[in-house]
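Trainee: Here you go, one structure.
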Amino acid sequence: IISIDTSGSMEGKPEEIAKSLLVQILQMDKKKKRKCFLITFSVHTKILEISKPGHWHKVKEFLKKSFTGGTDGEEMLTNIINALNTKDYSMADALIISDFEFSSPLSMTRKKILHEQTKGTHFYGLQIGRGNNEYKNLLDKIWQI
């Protein structure tokens, strides 16, 4: 499960990095015949199950769009948890690509994430930028660039 922050604070170089990384991950997943679930988020989230053959054109559309708007991480986290509770993505790992300039999760969401981690799911972050990251104590690992 990949979540990409498409808010205005990710515009420019962070956007280029996020899109390039997505393309690389998708190529690896396709080669290994792995399913991929993409969540893009800013003010609202959009979900795209990329492993379905007809959805590749939607990825190309996404890559053409610019990043704008504010950031609401809560809806994105809820969508990750919902995906983890499906047959196809149970026990999947989640990667959040963002500058992490959004609020900490609500208490209930935090508990759900911790519950998924006890089942073996890993939550990773790629932080583009060096701002404060309130998720450092929640995610299993965060890389910074």
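The values are calculated or read from the model by the stated rules, or taken from the named source; none is laboratory data. Note that the coordinates shown come from a computational prediction; the quantities given were computed from them, not determined experimentally. Neighbour counts run over all protein chains shown; Cβ positions are idealised from the backbone, glycine included. The protein model used for the area step is the full one, side chains on, heavy atoms only, and it has no ligands, DNA or RNA in it. Shrake-Rupley method; radii C 1.70, N 1.55, O 1.52, S 1.80 Å.
Trainee: As a test of reading the structure, rank Arg110, Arg130, Arg34 by solvent-accessible area (1.4 Å probe, protein chains only), most first. Please list the in-between numbers first.
Mentor: Values: Arg110 75, Arg130 170, Arg34 150 Å².
Putting Arg110, Arg130, Arg34 in descending order of accessible area: Arg130, Arg34, Arg110.
Trainee: Then there's this: When the accessible area of the chain is computed with all protein chains present and a 1.4 Å probe, what percentage of it is carbon and sulfur? Let's see the in-between values first.
Mentor: On the way: 4280 of 8050 Å².
Whole-percent figure for carbon plus sulfur exposure: 53.
Trainee: Sticking with this one: First select every other residue whose beta carbon is under 15 angstrom from the beta carbon of Gln144; then total the charges, Lys and Arg +1, Asp and Glu -1.
Mentor: Details: positive: Lys13, Arg130, Lys136, Lys141; negative: Asp5, Asp99, Glu101, Glu134, Asp140.
Combined, the nearby Lys, Arg, Asp and Glu give -1.
Trainee: When the dipole is taken about the Cα centre of the chain, and only Lys, Arg (+1) and Asp, Glu (-1) are charged at their Cβ, what size is it in debye, to the nearest 20?
Mentor: Working: 22 positive and 17 negative charges, 148 e Å.
Computed about the Cα centre, the dipole is about 720 debye.
Trainee: List the relative contact order of the chain as a percent without decimals, with contacts defined as Cα pairs under 8 Å and 6+ residues apart.
Mentor: Relative contact order, the chain: 25 percent.
Trainee: Taking the Cα centre of each part, how many Å lie between segment 14-47 and segment 70-134?
Mentor: 15 Å
Trainee: At 1.4 Å probe radius, can you tell me the per residue accessible area of segment 81-145 in Å²?
Mentor: On the way: 3620 Å² over 65 residues.
With the other protein chains kept in place, segment 81-145 gives 56 Å² per residue.
Trainee: Could you please report the charge total around Phe41, scoring K, R as +1 and D, E as -1 over all other residues with beta-carbon less than 11 angstrom from its beta-carbon? Spell out each step's value before the answer.
Mentor: Working: positive: Lys46; negative: Asp5, Asp72, Glu74, Glu75.
Spelling it out: positives minus negatives among the neighbours equals -3.
Trainee: Taking amide H positions as placed 1.01 Å from N in the peptide plane, with prolines and chain starts having none, which residues 5 or more places from Ile96, or on another chain, fall under 5 Å of its amide H?
Mentor: When sequence neighbours closer than 5 places are left aside, the close amide H contacts are Ser3, Tyr124, Gly125, Leu126.
Trainee: What is the sum of charges around Asp99, taking Lys and Arg as +1, Asp and Glu as -1, for the other residues whose C-beta is under 10 Å from the C-beta of Asp99?
Mentor: Working: positive: Arg130; negative: Asp5, Glu101.
Neighbour charge sum, excluding Asp99 itself: -1.
Trainee: Oh, and also: Just going by the charge dipole of the chain, with Lys and Arg at +1 and Asp and Glu at -1 on Cβ, which of Ser103, Ala18, Cys36 is farthest out on the positive end?
Mentor: Final value for the positive-end residue is Cys36.
Trainee: Label 7 Å along Cα→Cβ of His57; segment 1-35 residues with amide nitrogen under 16 Å?
Mentor: Taking a point 7 Å out along Cα→Cβ of His57, no residue of segment 1-35 has its backbone N under 16 Å.
Trainee: Answer with a single label: of [x] 14.2, 39; [y] 14.5, 44; [z] 17.1, 55, which was calculated as Rg and Dmax of the Cα atoms in Å from the structure in view?
Mentor: Only one listed value fits the structure, namely [x].
Trainee: Going through the cross-link list Lys58/Lys112; Lys32/Lys112; Lys87/Lys136; Lys30/Lys119; Lys19/Lys60; Lys31/Lys141, which pairs have a Cα-Cα distance over 18 Å in this structure?
Mentor: On the way: Lys58/Lys112 30 Å; Lys32/Lys112 29 Å; Lys87/Lys136 29 Å; Lys30/Lys119 26 Å; Lys19/Lys60 10 Å; Lys31/Lys141 25 Å.
Check vs 18 Å cut-off fails for Lys58/Lys112; Lys32/Lys112; Lys87/Lys136; Lys30/Lys119; Lys31/Lys141.
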